[in-house]
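Notes to accompany the following structure.
The values are calculated or read from the model by the stated rules, or taken from the named source; none is laboratory data. Keep in mind the model is a prediction, meaning the values are calculated, not measured. Positions of Cβ are backbone-derived with ideal geometry, glycine not excepted, and every protein chain shown enters the neighbour counts. The accessibility values were calculated without ligands, DNA or RNA, using every heavy atom of the protein model including side chains. Shrake-Rupley method; radii C 1.70, N 1.55, O 1.52, S 1.80 Å.
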Amino acid sequence: MATLDMNLFARAADDVERTQYQILGGLQHARRDFAAKRIYPHLGRLVALYTSLRTILKQSDAYRTASTGTATGIDWEEGTLQYRWPELEDGELSTVRALIEWALPRIQEAIEEGRSIYEMVEDNFDVETVGIMPSYVKEGYVLVPDRKAHRLHVLRYTVSIFTNEDEQYRTLKTEHCKSIDQFGVDAHPSSVKLEMVDERKDLPNPATYMFNTDLDFPYEPTLLPVAKRTLMRHLAQEEGWA
């Protein structure tokens, strides 16, 4: 099965009908995973693809009316138009544009299916602070339950800051520390925090967050990525990060 990415559209002029079939097949595969409550990696990839294709169309509309003339090519890696690209003739460029216009609403429909599952998980996550919270929260632990497997996953998180063109960005990285079986009785979050303090001496009073949920959705493709994004937003709100 062809991967749904920009490279698929870059080769579209050779066989549009085949490319349409591949796009529909890729979307069907994503929807099957969405039906099984598995949203990643499909949702992130579809959103990135949709954004890049929309950018190409918007730029194409602008360049057609600009005094500089009509766009003649596409930078598929960057998802932008360029003025000269010898690999596509004018007719081929129009063909690809028509394919993008055909594909966008279909990609958007699939995105909405995945997004509805994402929002369901997000709405059913209750974020609880565990114990006394330190003033430093850029590093600590996050506890995420896996109800389907009856396990509690303990992850260490780190918020990193990097600067790009005078703007600051924050990213959250996680490291899986261990998993705790939870058959019958759930491990108490405070006890888990004390265990981590004993096992890892470099964080004597770590910021620790517990994600409570009754959903038994898949852990790695759904619960974990939603928990990470939710934690980042929670930290930003608590700390007043821009």
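For the stretch 178-210, a residue qualifies if it is β-branched (Val, Ile, Thr) and modelled with pLDDT of 90 or more, and the qualifying residues are Ile180, Val192, Val197, Thr208.
May I ask you to verify whether Thr208 is touching a residue at least 12 places away in the same chain (Cβ under 8 Å), part of a strand (DSSP E or B), open to solvent by 40 Å² or more (accessible area, probe 1.4 Å) and at negative phi? Spelling it out, it is not the case that Thr208 is touching a residue at least 12 places away in the same chain (Cβ under 8 Å), part of a strand (DSSP E or B), open to solvent by 40 Å² or more (accessible area, probe 1.4 Å) and at negative phi. Restricting attention to the stretch 190-230 and to residues that are of a type in the set (Gly, Ala, Ser) and over 21 Å from the mean Cα position of the chain (by Cα), the residue that is nearest to Ile161 (Cα to Cα) turns out to be Ala207.
Residue check: Arg233 meets all listed conditions (1) more than 20 Å from the chain's Cα centre (by Cα); (2) modelled with pLDDT under 95 but one, namely (1). All conditions but one from (1) within 25 Å of Asp181 (Cβ to Cβ); (2) open to solvent by 20 Å² or more (accessible area, probe 1.4 Å); (3) of a type outside the set (Phe, Trp, Tyr); (4) outside any helix (DSSP H, G or I) apply to Leu194; the one that does not is (4).
Got at least one residue in the stretch 212-229 being part of a helix (DSSP H, G or I), closer than 15 Å to Val127 by Cα, open to solvent by less than 20 Å² (accessible area, probe 1.4 Å) and touching a helix residue (DSSP H, G or I) at 6+ places or on another chain (Cβ under 6 Å)? Yes, there is a match, as at least one residue in the stretch 212-229 is part of a helix (DSSP H, G or I), closer than 15 Å to Val127 by Cα, open to solvent by less than 20 Å² (accessible area, probe 1.4 Å) and touching a helix residue (DSSP H, G or I) at 6+ places or on another chain (Cβ under 6 Å). Restricted to the stretch 123-187, the set of strands (runs of 3 or more DSSP E) holding at least 1 residues that are loosely packed, with under 15 Cβ neighbours inside 10 Å and among the basic types (Lys, Arg) comprises 167-181.
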